[in-house]
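I have placed the structure first, in the form of C-alpha cells, so that the comments after it can refer back to it.
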Amino acid sequence: MSEQRAANIALATRYYEALAAGDFDTLAALHSEDVVFNLVGTTPVSGRWVGKAECFGPVVAEGVIGKLVAETIRFSGQWRIMCADDERVVGLMRGGGMATNGHEYLQTYCQILTIADGLIVELHEFFDTALVELALNDNPTAKGPSVPERPFAF
C-alpha cells in the first residue's frame, strides 16, 4: 500500500469518527477552505456547493442538522471504507436522527472523498432523496419511504 493511500484511509477514518462523535469542528477542519460538495438529486441541499462556508452553513447546519432533533443526531453509526487510492476514498455510512417534523431520518450515504494535501477537496455524496424530502423538507413523495424486503447491507 502506498503511503498516500494509507494517509487517505487515515483521513477518511478521522472523518467518519468525527461524524460518529458529533464533532463538527474536527469534521470541518478535515476539509479545504474551497471544498466542493456535489450532492445528488433535486432536493434543496442537492447540487454543487463551493467553499467551506457554503458547505457547512446552508447544507450541513441548515439543510440537515438544523432539521433534526439535536439529542437524537448520530451520524456514522455504521461506516465502512469500500476502496481507496492515492487520490480518493469511497465510503458508505449510515446515520441520522429524528427530524423535527416527527419522521425518522436514518439515511444511508455513499461518499466519494477526493483528497489533496491532506484535506478533503471534493465530496460526491449519494443518498435517499425521498427520505430527505419527507423527513427534512416535510415534502412526502407519493410512495414515501419504506423498508425494502431485501435491505441493502454493507
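The values are calculated or read from the model by the stated rules, or taken from the named source; none is laboratory data. Please read all numbers here as calculations on a predicted model, not as lab measurements. For neighbour counting, all protein chains shown are included, and Cβ atoms are generated from backbone atoms with ideal geometry for every residue, glycine included.
Miscellaneous remarks
- Selection over the range 29-56 of residues that are surrounded by 14 or more Cβ atoms within 10 Å (Cβ to Cβ) and out of contact with any strand residue (DSSP E or B) (no Cβ under 9 Å at 6 or more places or on another chain) gives a count of 2.
- Cβ-Cβ contacts under 6 Å between residues 6 or more apart (or on different chains), taken from a first residue in the range 28-46 that is under 25 Å from residue 133 (Cα atoms) to a second residue that is modelled with pLDDT under 95 and assigned to a loop (DSSP other than H, G, I, E, B), are listed as 39/45; 39/46.
- On the stretch given as the range 47-63, residues that are in contact (Cβ under 8 Å) with a residue 24 or more places away in the chain and aromatic (Phe, Trp, Tyr) total 1.
- Residue selected from the range 114-141 under the condition outside any helix (DSSP H, G or I) and in contact with a helix residue (DSSP H, G or I) (Cβ under 6 Å, 6 or more places away or on another chain), by the criterion surrounded by the most Cβ atoms within 10 Å (Cβ to Cβ): 115
- For the range 52-99, a residue qualifies if it is of a type in the set (Ser, Thr, Tyr) and more than 17 Å from residue 26 (Cα to Cα), and exactly one does: 72.
- The conditions of being among the aliphatic types (A, V, I, L, M) and not in a helix (DSSP H, G or I) are met by residue 35.
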